[in-house]
Amino acid sequence: MTQADLTTAESADSLEPRIIPRAEHNISRRDVDPEALKVLYRLHNQGYLAYLVGGGVRDLLLGRRPKDFDVGTDAPPGQIRRLFGNSRVIGRRFRLVQVFFRGGKIIEVSTFRRTAEETDGDEVLGANNTYGTPAQDALRRDLTINALFYNIADFSVVDYVGGLKDLRAGLIRAVGDPQVRFHRDPVRVLRAVRHAARTGFTLTPETRQAVEAHAQELALCPSSRVRDELMRDLKGGAAAAWLELAHDTRVLYCLLPSLEAIYGPPDSAERVQAAGLLAKLDQALAAGQAPPEPVILAALLWPALEAVAQREEFPPGRAGRVQWSLLVRRALPELAQAVSFPKRVVERACQIGGLMGFVRYPLPDQRLPKKVRDKGYFAEACTLAGLLGHDLKALDGPGARPSKKRRRRRRRRRPHRSPAAAA
Ligand code: ATP
Ligand code: MG
C-alpha cells in the first residue's frame, strides 16, 4: 500500500512506522528545551506515549533551533490538564493543553488526533476534532518532513510517512495525495511553498503540480488564516526565496492578483528588486532585528508602487512630495487589497511610504519639519528609507536649513542688540 492510499483513519492502523534508533539520527536531548523535556518525561512516567512532534522535530533534524517544541501524546486533554498544575485547556474545534512555565514559556500538548477529512465529503476544510493513534496523527499532517515524531521513551525518531528520507533528500512532499490534501485545506499550498523556501528543498513533482492546481482555492479559505500564513512567509527569514517560488508557482498572483502585471513577466526587473528588498529584511532578521510589519508590506509592494508612479509626472519639491503621498495612499491599498492585511498595517505602510517623498523630491537645504520627526512612525519610515538606499535622518542634520517658522522664532528669541553694543 502506498502512502497516498493511506488517507483514511482505518487504513492508517495497518501502517507500520520506521523506527530510527538514537544512533542513526542527530537529535540530542541537549538541544530539546528543558521544559519540553519535563513535560515529555512526566507523561512517559505516567505510562503515556510522549512524542515531540511537528516542526520542532524537523528543525532539530536539520540542526536548527526550533521556534517551538510541541508535544503529542495518547493522554486525553483532561488527563494532561490534571498532570500539570499550571496548565489550561484551549481550543474549541480541537482541545489542546497549554502548560505554563516561568518566564512566560508555554509548551503545547495535544492528544493524537485523526483527520476527519475522509468523512467530509467534498467540503473544503472539514472539522478536525476526533482523537486518534500516532499513525493517524502523522497522516493528518501537511508535509512528510513535518510529520516526524521523537519518542522520549527510547530517543528514537518514529516515521510513518517517509519524512526522514525526504528530509535527507531535500524534498518537500505532501502527506498522502497532494491533490486531495490541498483541496481539503488550500492553506497547505502556502505551507508547502514556505517550507520549500525556508529549507531550500525542492517540491516533488506531484506536490508542485498540486500547489499550482490548488493555489486559486486559497480564496475559499478564511481570509484571516491566509493573511496569518502569508505574514509568516514574509517574516520567516526566507522572504526573498519565498517571493521567487511564489512567483514560479503563481501562488503570489492568486494571493495578490494586482501584482501579476508587474511582477509576473519572467524578466520583471520589479520582481528582482522586490526580492532584493526582502533579502535585506531577511538579513536584518538574521542579525536579530525584526522588521515591523508595515515595513515588510511596503518592501513587498514598493517596486510595484514605483511602476504605478511611472505613469505620472512629479514636479520637484513640495508639490511632488504631496503628489507622491497621495499616490501611495491610493495605490498601496489597491495593490494589497486581495489579502486582508490589518487596516493599521496598511495605514502605517501608507504613512511611511508617503514620507519617502522627502527623499524622492528633496529641496536644496530642506530640513525635515519637526512635526514629521515627531511622528510615531518616523523610526519605521527611517527603516524603510534605509532599505531603499536613502537616509531620511540626514535631512535632519546640521547642514539642513531650518524651516521658515523656526527661523522666525529664532529671530524673535535673539536678544535685541543696541547699535552701541554692536560697535
Ligand atoms: P514553524 O517552524 O513555522 O512553526 P511548523 O511546521 O511548526 O513551522 P506550525 O504552524 O507551528 O508549523 O504547525 C505545527 C505542525 O502542525 C506542523 O509541523 C504540521 O505537522 C501541522 N500542521 C500545521 N498546519 C497544518 C495544516 N494546515 N494541515 C496539516 N497539518 C498542519
Ligand atoms: Mg511551529
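Overview of results
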| quantity | calculated |
| --- | --- |
| Hz values of 3J(HN,Hα) by residue in the range 175-186 - Karplus curve (6.51, -1.76, 1.60), Gly and Pro given as x | 6, x, 7, x, 4, 6, 5, 6, 5, 4, 9, x |
| Surface accessible to a 1.4 Å probe, ASP68 within the full protein complex, Å² | 80 |
| Furthest towards positive pole of dipole, VAL97, TYR160, ALA12, structure part the range 3-168, Cβ charges | VAL97 |
| Inter-part distance where the range 281-305 and the range 316-344 are each reduced to a Cα centre, Å | 17 |
| Semi-axis lengths (Å, descending) of the ellipsoid that matches the C-alpha gyration tensor of the chain | 52, 26, 18 |
| Rounded Å value of the spacing that divides the Cα centres of the range 69-101 and the range 152-197 | 25 |
| Amide proton proximity set for TYR131, modelled H, under 5 Å, gap of 5+ | ARG114 |
| Solvent exposure of the chain as accessible area per residue, Å², 1.4 Å probe | 48 |
| Cut-off of 10 Å, at most 15 other beta carbons, DSSP loop: longest stretch of the chain lacking such GluC sites (Glu not before Pro) | 124-311 |
| Accessible heavy-atom area order of HIS183, HIS25, highest first, probe of 1.4 Å | HIS183, HIS25 |
| Helix-only [θ]222 nm of the chain, DSSP H runs n ≥ 4, -39500 (n - 2.57) each, per residue, nearest 500 | -14000 deg cm²/dmol |
| Sulfur and carbon atoms: percent of accessible area, the chain [1.4 Å] | 50 |
| The range 3-168: Rg to Rh, with Rh as the Kirkwood radius over Cα pairs | 0.95 |
| Rh (Kirkwood; distinct C-alpha pairs) - the range 293-396, Å | 13.8 |
| Solvent-accessible area of LYS371 with every protein chain in place, 1.4 Å probe, in Å² to the nearest 10 | 150 |
| Karplus (6.51, -1.76, 1.60) ³J(HN,Hα), θ = phi - 60°, over the range 256-268, in Hz, Gly and Pro reported as x | 10, x, 6, 7, 4, 5, 9, 8, x, x, x, 9, 4 |
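The values are calculated or read from the model by the stated rules, or taken from the named source; none is laboratory data. Note that the structure is a prediction, hence the values are computed from the model and not measured. All Cβ positions, glycine included, derive from the backbone under ideal geometry; neighbour counts span all protein chains shown. Quick note on the areas: whole protein, heavy atoms, side chains included, nothing else; ligands and nucleic acids left out. Shrake-Rupley method; radii C 1.70, N 1.55, O 1.52, S 1.80 Å.
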